[in-house]
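To start, the structure itself, in structure tokens.
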Amino acid sequence: MTELKPDQFEMRRLESLSNTIFGVAMTLLAYDLPKAAVFTTAPDWNDLARVYSGKLAGFALSFIIAGVFWISHHRRLARQPIGSRGDVILNLFFLLSIVLLPVTNGLYTNYGMSSAVAVLYGLHLTAIAALNVWLWWTILGRWRHEIMASLFPLLVFIPGTIVAAFAPHVAPFLWFIAFGGIAIQRFYIAPTEPDA
């Protein structure tokens, strides 16, 4: 093993921290689901659908978003075994944005028809996507398919957030389009890139 300089860090330790943070954040997304309603009598299917359908959709959106960003983060750290102090700090800000996901998700699943809450949630998704793009750029430093794939959600979350200001009920449909970045990643892999 090579000797690290004083301002270098082993990214596998950051990977361990990030796995823990993503796991806790993704678990906490479901924390408030059982407390969504208090039933005075045993609920039937209509009661359960009325109370939980919107909350489950918000939970699914946030869980999938967290999962996609975890995959991206894992792939990125695999390409960068050693990082600078700046790389570690930027990664910590990215992880902070993931830690806050259960907070904005809780607001959004409870008050999703509020344009202020929908915009806040959209701004949060946009910040996560922007940090993800920035991190990919710090590793690759040039346009490659990974940066294009990470840029796609950012380009979807920005207009989705603008739509949320005027039509909060439409914004989630736009935000789901952000998963097209996965398709870009899968279909744009050049055959000469064995590590992709």
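Read-outs throughout are calculated quantities, based only on the coordinates presented, and are distinct from any laboratory measurement. What you see is a predicted model, and the numbers here were worked out from it, not measured in a lab. Note that we place each Cβ from the backbone using ideal geometry, even for glycine, and neighbour counts take in every protein chain shown.
Side notes on the structure shown:
- Amide H partners (placed H, <5 Å) of Ile82, local residues excluded: Met11
- The calculated 222 nm mean residue ellipticity attributable to helices in the chain amounts to -24000 deg cm²/dmol, summing -39500 (n - 2.57) over DSSP H runs of n ≥ 4 and dividing by all residues.
- Calculated FRET efficiency for the pair His74/Phe39, C-beta based, R₀ 41 Å, to 0.05: 0.50
- q = 0.15, 0.17 Å⁻¹, the chain: log10 I(q)/I(0) [Debye, one scatterer per Cα]: -0.93, -1.12
- Compared with the dominant Cα axis of the chain, that is its longest principal axis, helix 11-28 is turned about 0°.
- In order through the stretch 90-106: 3J(HN,Hα) via Karplus (6.51 cos²θ - 1.76 cosθ + 1.60), integer Hz, x for Gly, Pro: 4, 4, 5, 5, 4, 5, 4, 5, 6, 4, 7, 4, x, 5, 5, 5, x
- Part-to-part distance (alpha-carbon centres) for the stretch 96-142 and the stretch 20-69, which is given in Å: 18
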